Each structure stands twice: as structure tokens, then as C-alpha cells.
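Comments concern the structure below.
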């Protein structure tokens, strides 16, 4: 992908890349614009997936079911250019999946079992100190309701136009089932 850092007409390239992939263009929030080294005002939204263009890659957030993420990873471009959780080691989706409830709340697993002073677990600390970050009703792994959770990948970094095209096509065909 072209490095857009400092490119004053970055929106033109962003619009082109999104259009090529069939991803609808939306206006980026002022906060997102201020945080970036790329001067832009445009972002993308395809269903519940949100696309932001950074220096030389796309950052995507949204909940992709693990089974679909694994199909994406099975594609040679998906394996190298569509990085699960932004990991440069190209980890498999199973290595990065998170457990989410139907309302989008996280299930804090046993890896959150470490203690923090004043709290019974790190999970309790996160639940009480950062409300909303883990969804509307985050729960701990030992809560009986956690059995209903499903596995998802919640973010990707995409390094090529081919990867962006593949991701968008996969979302349309497998998640929102709308042909472009």
C-alpha cells in the first residue's frame, strides 16, 4: 500500500481504495483524524466493520466469527496481507480469538486470573475500572452465562489492496451476504 503519511490529498487515495473494494465511504470522526499522521477525513463502513487508513495499511474493527476468519486465513493473501489483531507474525485466527457474548460483551478468560491489589482478580479490576471497554456487560470466564459465548476476531490490519478486496468480499459473502 502507498504510504500516505503527510500526503495532503490522502482522501483521494482512501476513496479509491475503498471504492475498488466496494466498501462504502463514511466520514471519519475528528478524534480519529487528530490521532493519525495521515491527513484524512474519510473512513469506510461495511456492515458492522469499520475501516481506517493509516500510513501504509488499513485498520479494521468489527466482530468476525472465528470460522469465517479461518476461511480468510486459508487464502494465501489472507494469510499474509490480512493480519489478525494486527500481528506481524501472521498468527492464525485461533491464536487471537476472543470470546464474546451475543451483546458484544467480552468473556474475560482464565488468563485474567492474576490479582491486582484491592481486587480479587485482574478481570474484576478491568470490569470495575474501565466500564464500557469490554462491552456493555463483560463477564468472567467462570460465570455460567459464559458458556453461551462465541469466538471472534475483533480487529485486523490489512497491508495490500488485494487483502482489502479479499476482506470486503469475505464480509459481503459470509457475514452480510450482500452482493456488490
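Within the stretch 162-178, is even one residue assigned to a loop (DSSP other than H, G, I, E, B), at pLDDT below 85 and loosely packed, with under 12 Cβ neighbours inside 10 Å? Within the stretch 162-178, one or more residues are assigned to a loop (DSSP other than H, G, I, E, B), at pLDDT below 85 and loosely packed, with under 12 Cβ neighbours inside 10 Å. Filtered by the rule that a residue be in a helix (DSSP H, G or I), touching a helix residue (DSSP H, G or I) at 6+ places or on another chain (Cβ under 7 Å) and modelled with pLDDT of 85 or more, the stretch 95-116 gives no residues.
Restricting the stretch 122-158 to residues that are part of a loop (DSSP other than H, G, I, E, B) and in contact with a strand residue (DSSP E or B) (Cβ under 7 Å, 6 or more places away or on another chain), which is modelled with the highest pLDDT? Ranking the qualifying residues of the stretch 122-158, first place goes to 149. Suppose we filter the stretch 62-94 for residues that are loosely packed, with under 14 Cβ neighbours inside 10 Å and closer than 11 Å to residue 151 by Cα; how many remain? Residues in the stretch 62-94 being loosely packed, with under 14 Cβ neighbours inside 10 Å and closer than 11 Å to residue 151 by Cα: 2 in total. Among the residues here, residue 52 does not qualify as farther than 15 Å from residue 156 by Cα and within 14 Å of the chain's Cα centre (by Cα).
Among the residues of the stretch 1-12, those that are in contact with a strand residue (DSSP E or B) (Cβ under 8 Å, 6 or more places away or on another chain) and either more than 19 Å from residue 155 (Cβ to Cβ) or modelled with pLDDT of 95 or more (or both) comprise 4, 10, 11. When residue 39 is tested against (1) surrounded by fewer than 20 Cβ atoms within 10 Å (Cβ to Cβ); (2) out of contact with any helix residue (DSSP H, G or I) (no Cβ under 7 Å at 6 or more places or on another chain); (3) in the same structural domain as residue 168 (by TED's automatic domain parsing); (4) not in a helix (DSSP H, G or I), exactly one condition is not met: (2). Summed over the stretch 60-77, residues that are touching a helix residue (DSSP H, G or I) at 6+ places or on another chain (Cβ under 8 Å), in a helix (DSSP H, G or I) and over 14 Å from residue 155 (Cβ atoms) total 5.
Annotation note: Cβ proximity below 7 Å between a residue of the stretch 84-99 that is closer than 26 Å to residue 140 by Cβ and a residue that is part of a loop (DSSP other than H, G, I, E, B) and modelled with pLDDT of 75 or more (sequence gap 6+ or interchain) occurs for 84/91; 96/85; 99/149.
The values are calculated or read from the model by the stated rules, or taken from the named source; none is laboratory data. Remember, predicted model here, so these are calculated numbers, not experimental data. Don't worry about glycine lacking a Cβ; one is built from the backbone with ideal geometry, like all the others, and counts go over all protein chains shown.
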